[in-house]
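> Before anything else, here's the structure in question.
Every number in this text was worked out from the coordinates using simple rules, so none of it is lab data. Since the structure is predicted, the reported quantities are computational estimates derived from the model, not experimental observations. Cβ placement follows ideal geometry from the backbone for every residue including glycine, while neighbour counts extend to all protein chains displayed.
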Amino acid sequence: MQTVNAKSVTKYPDAPDIESSTEDYAGRFSGAIGSWLVDRQINGTRKALVQYFGHRSEFTVLDVGGGHGQNIEVIKELGGNLTVLGSTADCDVLIKDYIKAGKVDFVVSPLLSLPYEDNSFDVVICYRILSHMASWKALIAELSRVSCHLVLIDYPSKKSVNVVAKTLFAIKKKIEKNTRPYGCYTDSEIDLVFAHANQRRVFEFRQFFLPMALYRLIGNVGIATLLAKMFRFLGLTDRFGSPVICGFSPMPASR
């Protein structure tokens, strides 16, 4: 039986993208500071894709639970042919303009039963989902199954201030209003689950040293940028930062 992440309490335990594909969720990233937060994620994604594919002109991408639309621009910029997969038809609310313009294909399917054969996409991305997913280990297995070259996920790291996530959640809730409970992970437990799917970590980008909620509380892009640069320069972000964007690719065949 699939291990359930008891920390990930949500109305949709195996379809958290139903919440992250709403206007309400998008509101968490509105305004200058919200855009600044998303830009850090975009930078990490760009680094991963350029590092792995170089300046390849075309590659296929499946964004699982990507109805939040945060990955579309960077993927299209780098030449990716993008399919977004949502748990329900309503998960297209934030990306309808892209779909109508023919920039994105949209598919409805359960996240744990992707309607594709093995190795169907060059890249499979899944952001803002795993830490709210009950059957997160099964999700990793399914992402790995349909990926040919690279799986990109993000997760809150226990090697950060998230070590006291339970204590800080009440404060985070007051700042962000509509935040959701989430699970935190060690790097080793994430790596172990991917190893079972014959995948190894090939990329890592830790986004913030301070909790994202504190940057929202600061509300000033200039100050946030200065703090982020300082923590990155001191090596604190690369060591203790969270969320972690990480990439996994198939292990080399044994000889």
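> In the chain, what % of DSSP beta bridges are antiparallel (nearest 5)?
40 percent
> Ranked by Cβ crowding within 10 angstrom, fewest neighbours first, how are 140, 125, 223 ordered?
Listing 140, 125, 223 from fewest to most nearby Cβ atoms yields 223, 140, 125.
> Given Cα pairs under 8 Å that are at least 6 residues apart, what percent is the relative contact order of region 66-127?
Relative CO of region 66-127 lands at 34 percent.
> Which ³J(HN,Hα) values in Hz, rounded to whole numbers, follow from the phi angles of region 34-45 under the Karplus curve 6.51 cos²θ - 1.76 cosθ + 1.60, where θ = phi - 60° and Gly and Pro get x?
Running phi through 6.51 cos²θ - 1.76 cosθ + 1.60 with θ = phi - 60° gives x, 4, 4, 4, 5, 4, 5, 5, 4, 4, x, 5 Hz.
> How large is Rg over Rh for region 16-107, taking Rg from the Cα atoms and Rh as the Kirkwood inverse mean of 1/r across Cα pairs?
0.97
> State the Kirkwood hydrodynamic radius of the chain in Å, one decimal place, computed from all pairs of distinct Cα atoms.
Across the chain, the inverse of the average 1/r is 18.4 Å.
> Also, I was wondering about something else. Compute the relative contact order of the chain as a whole-number percentage, counting only Cα pairs closer than 8 Å that sit 6 or more residues apart in sequence.
It comes to 22 percent, rounded to a whole number.
> Also, quick follow-up: Compare 142, 19, 58 in a GNM of the chain, Cα atoms joined below 10 Å, and give the one with the largest fluctuation.
58
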